[in-house]
Amino acid sequence: MASTLVTAPAPDPAPPAAPPGPARISFWRTWLGSGLLIAFLAFLILIPAGFVLLAAMTGSVPRPGNISFSPTFDNFSVLGVPEVRKAFLNSMIMAISATLLAALIGGGLAFLAARTDIRVPKFVYLVGLMPMFLPSYVGALAWSILGSPNAGLLNIGLRDLGLPAFIDLYSMPGLIMVFAIYYAPYTFLMVHAALSLMSPDLEEAAHIHGATTRTMLRRISFPLALPAVLGSAILTFTLIFENFPVAQVLGTPGGVDTLPTFIFRLLNATPSRGNESAAIAVVLVAVVIIATMLQNRVIAKRSYTTVSGKGVRNKKIALGRWRTPAFIAVLIFFTLSIVLPLLALLVTAGQTSPYMSTLGDLFEPGGFDLGIIGEVARSADFLSATSNSVVVSLFAATAGTILAFLCGYTVYRTKVGGRKLIEGISMVPLAIPAVVLGMGLLWTWLVMPIPLYGTLAVMAIAFVAVQSPQGFRGIASSIMQTDRDLEDSAVMLGASRSRAILAVTVPLMKVGLLSTFLLLLMLSMRELTVPLFLYTTDTKILSITIYDAFENGGALRGAAAMSLLYCLFMFILSYIPRRLAQK
């Protein structure tokens, strides 16, 4: 009897240990993949941002073997310096004024293209988009050639006509005008979509009750488009406030400092004042975060009840006697945004003399020669920079698309832990200005034991980090439009999940994947701010080569020729997605 009691299974410790096994397996299945993604994104994005904060809060900048963790707030005393306060005020005035002007231009073009009987509406739509295909800093460089107070082509033309030379783009009004021109397309795209998709029911009801066209627009149409206007305005404000290249090209010669240009100058001072620049960068990030939060709140509050999928076409509003003046205004904007800048680059590339007192010099024998374009296209510097740009951009676009797909699939197609964290980290670069992230990336790859600094690889990695929000959003929209039933059916028929993804989901998303790849390729080709912190003489890319040539002033013709070739390449890249969309 006693032996039966002794051999009872209760004291055996094995059964209580069994339940944690499946729980541990479930934990690893839930967090392993997402944990690796979170760790990779944190290394890619959060560590550079953390180094900027560390530099702002300590007494030394991060460098190999010298990372300080002794907190201090002494660096923030630079915020009380009059020059910093002036730069902050300039940034606010410039960003607010340029945003209002960009909203007026973009919203006006959107209204004309979407809702009126203006002549050649397809051309008007193209005019609203075209400034986006010309990098803003190339536009700024072209306008510096046009509007320099002494040797600007427009001032030379005015003097030829016997008029006073009064144009000065090296000023706050010049900055505001150039920013408004090249950021108007953001408002145009959002407002055009809102006006095109707007249900005509409320407008027809207003007409039935006796409202005039002007009253209907003021009381119905424009208020319904207001969320799109506000959302695009906050986005435009953020992009202009953090922009470095345009402010550097047009503001610095005229003594107009902004926060990004002031940060860059402190970093390049002798000795470098990296801690103070990091403290100013924290303020810059704070302003951008506030603007981003406002943008999210505005977009979240937008009501879509007026947007219909019934296929009802809105009536075109007759412009009457304003039809011709409106089209002339479109032509003026097209001239200012595209024609004049390209002509300035063409004239600069073709003028054989570095000094020109009158435009008539171009028509003298030997005064104009475009052979420099062929020489530049065959030059070793141009070929090397173009090769570097292509290699970096292709790698960044490919790696960025793959990373965006992994993140998007994890967030929207799985139930693993940390999905929201993956999305949040992917979107962090939207709230960090490029000049700040570039500074953090510089310190990160100087400190890391991996010897990548000074190589093209570190520049490609930086591009992947900076452009992660655009890649994630592009892939996310495509994933959400793709039904997962076919993928699940493949799994039910015996295929592994990875095989189903590669054989079913990826082919279904090929248009979205290709569009995201081309978008990241274009953004990489345009990027200038981040490479300024990371390039060396052996790793110059095309945007840096053009910028250096204009800044040094010794090779203005070659820089203009490179800019023309660069613009041609960018126009070709921008044409490919439109052809794909048509197919």
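The values are calculated or read from the model by the stated rules, or taken from the named source; none is laboratory data. As the structure is a prediction and not an experimental result, all values here were calculated from the model. All Cβ positions, even for glycine, are placed from backbone atoms using ideal geometry, and neighbour counts span all protein chains on display. All accessible areas refer to the heavy atoms of the entire protein, side chains included, with ligands and DNA or RNA removed. Shrake-Rupley method; radii C 1.70, N 1.55, O 1.52, S 1.80 Å.
When the stretch 542-564 is filtered for residues that are open to solvent by 10 Å² or more (accessible area, probe 1.4 Å) and among the small types (Gly, Ala, Ser), the ones remaining, listed by number, are Ala549, Gly553, Gly554, Ala555, Gly558. For the stretch 124-162, the tally of residues that are in a helix (DSSP H, G or I) and either open to solvent by less than 60 Å² (accessible area, probe 1.4 Å) or free of Cβ contacts under 8 Å to residues at least 60 places away in the same chain (or both) stands at 27. Scanning the stretch 89-100 for residues that are open to solvent by 30 Å² or more (accessible area, probe 1.4 Å), among the hydrophobic types (A, V, I, L, M, F, W, C) and either in contact with a Phe, Trp or Tyr (Cβ under 9 Å, 6 or more places away or on another chain) or not in a helix (DSSP H, G or I) (or both) yields Met92, Ile96.
When only residues in the stretch 225-237 that are touching a residue at least 12 places away in the same chain (Cβ under 8 Å) and open to solvent by 10 Å² or more (accessible area, probe 1.4 Å) count, which is nearest to the chain's Cα centre (by Cα)?
Leu235
Scanning the stretch 101-123 for residues that are buried (at least 21 other Cβ atoms within 10 Å of the Cβ) and either among the aliphatic types (A, V, I, L, M) or not in a helix (DSSP H, G or I) (or both) turns up Ala102, Ala103, Ile105, Leu109, Ala110, Leu112, Ala113, Ala114, Ile118. When Pro200 is tested against the conditions (1) surrounded by fewer than 21 Cβ atoms within 10 Å (Cβ to Cβ); (2) modelled with pLDDT of 90 or more; (3) over 18 Å from Ala329 (Cα atoms), the lone failure is (2). The listed residues are Pro82, Pro20, Pro64, Pro16, and the only one of them that is open to solvent by 50 Å² or more (accessible area, probe 1.4 Å) and modelled with pLDDT of 85 or more turns out to be Pro82. Taking the criterion of being without any contact (Cβ under 8 Å) to a residue 60 or more places away in the chain, closer than 14 Å to Glu276 by Cα and open to solvent by less than 70 Å² (accessible area, probe 1.4 Å), the only residue of the stretch 67-79 that qualifies is Thr72.
When you look at Thr398, is it surrounded by fewer than 20 Cβ atoms within 10 Å (Cβ to Cβ), at pLDDT 90 or above, part of a helix (DSSP H, G or I) and in contact with a Phe, Trp or Tyr (Cβ under 8 Å, 6 or more places away or on another chain), yes or no?
For Thr398, the condition - surrounded by fewer than 20 Cβ atoms within 10 Å (Cβ to Cβ), at pLDDT 90 or above, part of a helix (DSSP H, G or I) and in contact with a Phe, Trp or Tyr (Cβ under 8 Å, 6 or more places away or on another chain) - is met.
Kindly indicate whether any position in the stretch 485-506 is within 19 Å of Gln248 (Cβ to Cβ) and in contact with a Ser or Thr (Cβ under 9 Å, 6 or more places away or on another chain). Checked the stretch 485-506: no residue is within 19 Å of Gln248 (Cβ to Cβ) and in contact with a Ser or Thr (Cβ under 9 Å, 6 or more places away or on another chain).
What do you reckon, is Ala87 modelled with pLDDT of 90 or more and under 19 Å from the mean Cα position of the chain (by Cα)? No; evaluated as a whole, the condition is false for this residue. Scan the stretch 309-323 and tell me whether some residue there is in contact with a Ser or Thr (Cβ under 6 Å, 6 or more places away or on another chain), at pLDDT 90 or above, open to solvent by less than 80 Å² (accessible area, probe 1.4 Å) and outside any loop (DSSP other than H, G, I, E, B). For the stretch 309-323, residues in contact with a Ser or Thr (Cβ under 6 Å, 6 or more places away or on another chain), at pLDDT 90 or above, open to solvent by less than 80 Å² (accessible area, probe 1.4 Å) and outside any loop (DSSP other than H, G, I, E, B): absent.
As for the stretch 526-541, it holds at least one residue that is closer than 30 Å to Ser148 by Cβ, open to solvent by less than 10 Å² (accessible area, probe 1.4 Å) and outside any helix (DSSP H, G or I). The residues in the stretch 356-402 that are free of Cβ contacts under 8 Å to residues at least 24 places away in the same chain and within 22 Å of the chain's Cα centre (by Cα) can be counted, and the count is 2.
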